[in-house]
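A short worksheet on the structure shown next.
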Amino acid sequence: MVEETDMDLMWAKMRRVRNALLLQSDKYVLPDLWEGYTVAQRGEVRRYRMELRDWPENIDTPFSLGTKLPAKPSFVKDVGTYNLRR
């Protein structure tokens, strides 16, 4: 059986994961990107960020940490897209 302190640590880890994903998704709502999205794409970004915010409340145990993780919109690009060119 897992002690309560261990469970608290697992919940804290889950919140850190969620917070990191939210931080990474902040760039999706920057004006220069946001303006280029269609109405449907804006809705997808809003949904994703809302589901991330709600994620800890939507699972019963931190043991299922990644099983209900919201899906990032497929049209957003993270790798190299936001690096400044020299």
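Considering the range 46-86, the residues that are assigned to a helix (DSSP H, G or I), under 19 Å from residue 20 (Cβ atoms) and modelled with pLDDT under 85 include one that is most open to solvent (accessible area, probe 1.4 Å), namely 57.
Residue selection: residue 43 fails the criterion of being open to solvent by less than 70 Å² (accessible area, probe 1.4 Å), under 17 Å from residue 73 (Cβ atoms) and not in a helix (DSSP H, G or I). For the condition at pLDDT 90 or above and in a helix (DSSP H, G or I), what is the one hit in 28, 37? None of the others qualify; the one that does is 28. In the range 69-86, the residues that are closer than 30 Å to residue 58 by Cα reach residues that are of a type in the set (Phe, Trp, Tyr) and at pLDDT below 90 with C-beta atoms within less than 9 angstrom, at least six apart or across chains, in these pairs: 69/55; 70/55.
With the structure loaded, tell me whether residue 17 is under 14 Å from residue 72 (Cβ atoms), surrounded by 13 or more Cβ atoms within 10 Å (Cβ to Cβ) and modelled with pLDDT of 90 or more or whether it fails that test. Considered against the rule, which asks whether it is under 14 Å from residue 72 (Cβ atoms), surrounded by 13 or more Cβ atoms within 10 Å (Cβ to Cβ) and modelled with pLDDT of 90 or more, residue 17 comes out as no.
Within the range 20-40, which residues are more than 9 Å from the chain's Cα centre (by Cα), surrounded by 11 or more Cβ atoms within 10 Å (Cβ to Cβ) and of a type outside the set (A, V, I, L, M)? If the condition is that a residue be more than 9 Å from the chain's Cα centre (by Cα), surrounded by 11 or more Cβ atoms within 10 Å (Cβ to Cβ) and of a type outside the set (A, V, I, L, M), then 27, 28, 34, 37 are the ones that fit. For the range 33-62, a tally of residues being of a type in the set (Val, Ile, Thr) and farther than 14 Å from residue 11 by Cα returns 3.
The values are calculated or read from the model by the stated rules, or taken from the named source; none is laboratory data. Note that the coordinates shown come from a computational prediction; the quantities given were computed from them, not determined experimentally. Because the Cβ atoms are built from the backbone with ideal geometry, glycine has one as well, and the counts that use them run over all protein chains shown. Note: accessible area is taken over every heavy atom of the protein model, side chains too, but ligands, DNA and RNA are not part of it. Shrake-Rupley method; radii C 1.70, N 1.55, O 1.52, S 1.80 Å.
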